[in-house]
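The values are calculated or read from the model by the stated rules, or taken from the named source; none is laboratory data. All values derive from a computational prediction rather than experimental measurement. Cβ coordinates were reconstructed from backbone atoms using ideal geometry, including for glycine residues, and neighbour counts include every protein chain displayed.
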Amino acid sequence: MSAQQGLVVRLILLERFGDIVANVGEIIFQNPNSLYHIAKSTKVPLGKVKEALSILIKHNLASFKLNVDGITAVYTLNIKNVFLMLRFPKFINLIKTKFDEEVEILVEEILLKGCLTGSEVILKATARLQENKNISVLIQQLKDKFASLVTAKYVIKLSTPTMKEEDLFALPNIDLKKLLIVLNGGSETLSDAGVYWTINFDRFHQDLRDQLIVNAVTNKFDENIGELMRILLQQMYVRTAPWVPSSNPVPILEVKEILKKRNTHSQLITHFEQYVNILEQDSTGIIRKVGEASGGSYQIEMKHIFNQLVWETIEHIVNEKFDSKASRIFRLVRSRHYIEPEQIQNLVMIPAKEAKRILYQLLEENFLVVNELKRSAPNLGPNKSFTLFHIRLDQIIRNIMELCYKSLYNIMTRRQHEKYLNKRLIDKKQRVDTITHGMRVQGISGDPVLDIEEMITPPETEILNRIGKMLQKLSLTELQIDDTMFSLEMYLMYD
Amino acid sequence: MSKSESESRENNEIESENRILELAKSKPNGISNNDIKTEISNIPPEVWTKTVNKLLKTGVLELFKDKGVLLYKYKDPSKKTEVKGSDNEEKIVYKIIEEAGNKGIWIRDIRFKSNLNMTQLNKVLKSLETKKFIKAVKSVAASKKKVYMLYNLEPDSSVTGGAWYQDQDFESEFVDILNQQCFRFLEGKRESAIKLGGGPLMCRNRSYVTTTDVHKFISELGISKVQLSVDDIESILYTVVLDNKAERTVNSNGEYLYRAIKPFLDPPGVVRTTCGICPIVDRCGDSGLINPKSCKYLTSWLND
């Protein structure tokens, strides 16, 4: 928790829920507080504070517990979940590629509302999809798709302390007939009222993690080994809980069978053993052979993989932030653990002066730390002390997290600023769009529509295009920064 | 003094000289006064002391002190380089420099060892230099430090820095070019291994190269004016490994094998923005001259 993090949290809340929620969020970010304290420090009317808190709680962004006095409740912000909102586009994209558009809409609705009952989700999705479709068929489809989401554990029941673990993914009882009545404007108590569902972030993270690993392996080796890794991960889940540091052994024959059935990578099947060998013998140690039984079984070293990936991430950051010479020195210090500057100069083949400059620059930016060992006996010749450089990974990770927050904050501030500067133009464009859209719906076309559209002059269109590109770039960057944060988080989780 | 008396004394002196030399030759660790006394008891002490003094003066014997006992050591006159026309100071300084070998010795250390004062020592050194007995070599470790060594010696690589130094300047461009060429060679090897086909394991094994292979390639390229040794190439290859462009393993002969590799990841998202690599990000804030709203770096990046 840092001041910079608080600033980003505020901006995220501001962009999504507006001023009041952001103010309330800021107060409970700083300190868990009771309702009256929040109202007092934000100077927002009590009613509004209550509303804001209920929004936060509904999105699982805040939680509350009984104060020590036993009367009031204390509200805390769930900072992690606030940051997860940056990752929503990735979740939606993941669902879209894994399932189809209808499932994507179901997930989107839940993400928008924070939590919903099964019936509500289906109702909302139906409202969005009902164009040109038979409604009763559609809701049946949606119900099935929702059920598949539940079985795949992408959504989870909002838990209460009394709920048992196996109930978390129990299918809800959704009565389609009643749903139809509601859809046609009737009022009816829905069969699953009170059973709320929310997104199971862990499950999404698991998918994102696997994707990250497979992509990394594909980059380093080739497509074939990437595919091998994918199947290995898939088979890992059969025997292993998803988040253990190193998996239970996976029999390699099983993987081979699956690959044979799929028959997508003929190279991989012909040279299967060799590919497994390459992956196992590689110095990065992604998998480890643990037994000879049934053609050998292998453990997947999750913790180790993320250790590797995080090191490489940091090396890349050093490389980009300074230059390739700096990353060379950084890697040397990493491989030697503790090393003297003279040795570094000799091994990295950089002029002594330059090497020293880089070393102390890295030290200044906290990528390296120095240990000085002083010799106590003064009579042994000139009193020499040893200067040893080394790396503290945890410290660097914290620093980089901080850098991520800072960059995020800057990017988001800039985006808001650009929007603010061109507010008039953007508003105008929006108005023109709504008018022309309305006209088209009414069946008007031709000159009148063109007349309205021409209200935006060519230079204005040019500016709008430029702003559009700029905002897109900023949003994309936001997602990329989140990627970095994700891999660091994964490392910290296994650590 | 009669003739025969002086004759016998001369004989005595010659005899004592021969015997002492023999004795000294037989004991390379040196002989003490007592050794001489017992070995050549027939020669009176005042005679052999004279001889010893003479031998010491001509440099055939050297005087050492070990645990309070004076020792004389024989010094091969054939090895002895004549420091013609020089005085005692020059001889001592010359000896000190000779002991330092091809690593050379710093002027301050000569001063400590010889107990000469600065002006005198400078004079001695200058005179030795003009007579081409010694030479001054600039060390790469510290640019202002001069070390002295015998004129006919080739300086040690720790003084000159080896192939990477020219006039004690590190040739970083040369090293960079070699680094690129080595990587190019490894990469080429990897690509040709993939083209050759065969199983993936064979591909991998074919892409390994030894240092000698790389050395041969670099020598044939002819980019180097100086002769590079295999060890030089080894250290260049290690920088390629440190750049995360290659990996190093050991084969069964204990030789290092190198292979070009690819990284796991692309540069992470945070350094693809300007803020991630901004040198003044620490000074950036909401207010003040450096702020995200008017940041020049961000603006130029957005307008790219």
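Tabulated values for the structure
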item: The stretch B:27-62, subset of a type in the set (G, A, S) and in contact with a strand residue (DSSP E or B) (Cβ under 9 Å, 6 or more places away or on another chain), residue modelled with the highest pLDDT; result: B:S32
item: Within the stretch A:302-345, tally of residues that are crowded, with 17+ Cβ neighbours inside 10 Å, without any contact (Cβ under 8 Å) to a residue 12 or more places away in the chain and over 32 Å from the mean Cα position of the chain (by Cα); result: 1
item: Criterion: modelled with pLDDT under 85, within 30 Å of A:P251 (Cβ to Cβ) and not β-branched (V, I, T) - qualifying residue of A:A293, A:A377; result: A:A293
item: Cβ pairs under 8 Å, 6+ apart, first in the stretch B:235-247 and within 8 Å of another protein chain (Cβ to nearest Cβ) and more than 15 Å from A:S324 (Cβ to Cβ), second of a type in the set (F, W, Y) and buried (at least 24 other Cβ atoms within 10 Å of the Cβ); result: B:E247/B:Y258
item: Filter result for A:F88 (surrounded by fewer than 20 Cβ atoms within 10 Å (Cβ to Cβ), within 22 Å of the chain's Cα centre (by Cα) and modelled with pLDDT of 85 or more); result: yes
item: Yes/no for B:V226 being assigned to a loop (DSSP other than H, G, I, E, B), more than 8 Å from every other protein chain (Cβ to nearest Cβ), in contact with a helix residue (DSSP H, G or I) (Cβ under 6 Å, 6 or more places away or on another chain) and not acidic (D, E); result: yes
item: Residue in the stretch A:126-133 that is part of a helix (DSSP H, G or I) and farther than 24 Å from A:M85 by Cβ present; result: yes
item: Qualifying residue in the stretch A:452-467 (condition: basic (K, R), under 30 Å from the mean Cα position of the chain (by Cα) and assigned to a helix (DSSP H, G or I)); result: yes
item: Top-ranked residue of the stretch B:8-41 - restricted to ones that are out of contact with any helix residue (DSSP H, G or I) (no Cβ under 9 Å at 6 or more places or on another chain) and not in a helix (DSSP H, G or I), ranked as farthest from B:V69 (Cα to Cα); result: B:S41
item: A:N93 vs. criteria over 24 Å from A:T117 (Cα atoms) and either in the same structural domain as A:I481 (by TED's automatic domain parsing) or assigned to a helix (DSSP H, G or I) (or both); result: no
item: Hey, A:L479 in contact with a Pro (Cβ under 7 Å, 6 or more places away or on another chain), touching a residue at least 24 places away in the same chain (Cβ under 8 Å) and not aromatic (F, W, Y) or not; result: yes
item: Near pairs, Cβ below 7 angstrom, 6+ apart or cross-chain, from the stretch B:103-125 (on the phi > 0 side of the Ramachandran plot) to any residue that is assigned to a helix (DSSP H, G or I); result: B:G104/B:V159
item: Residue that is surrounded by the fewest Cβ atoms within 10 Å (Cβ to Cβ), among those in the stretch B:167-180 that are within 10 Å of B:V240 (Cβ to Cβ) and touching a residue at least 12 places away in the same chain (Cβ under 8 Å); result: B:N179
item: Some residue of the stretch B:291-303 being within 12 Å of another protein chain (Cβ to nearest Cβ), of a type in the set (K, R) and in contact (Cβ under 8 Å) with a residue 12 or more places away in the chain; result: no
item: Complete set of residues in the stretch A:457-475 that are without any contact (Cβ under 8 Å) to a residue 60 or more places away in the chain, surrounded by fewer than 17 Cβ atoms within 10 Å (Cβ to Cβ) and more than 9 Å from every other protein chain (Cβ to nearest Cβ); result: A:T457, A:P458, A:P459, A:E460, A:T461, A:E462, A:I463, A:L464, A:N465, A:G468, A:Q472
item: The one condition in (1) assigned by TED's automatic domain parsing to the domain that holds A:S148; (2) surrounded by fewer than 20 Cβ atoms within 10 Å (Cβ to Cβ) that A:V107 fails to fulfil; result: (2)
item: Any hit, the stretch A:152-163, residues being farther than 30 Å from A:I305 by Cα, in a loop (DSSP other than H, G, I, E, B), touching a residue at least 40 places away in the same chain (Cβ under 8 Å) and assigned by TED's automatic domain parsing to the domain that holds A:V137; result: yes
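A quick yes/no check of all residues on (1) within 14 Å of chain B (Cβ to nearest Cβ); (2) touching a strand residue (DSSP E or B) at 6+ places or on another chain (Cβ under 8 Å):
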position: A:V217; (1), (2): yes, no
position: A:N224; (1), (2): yes, no
position: A:L228; (1), (2): yes, no
position: A:Q234; (1), (2): no, no
position: A:R239; (1), (2): no, yes
position: A:V244; (1), (2): no, no
position: A:I252; (1), (2): no, yes
position: A:K261; (1), (2): no, no
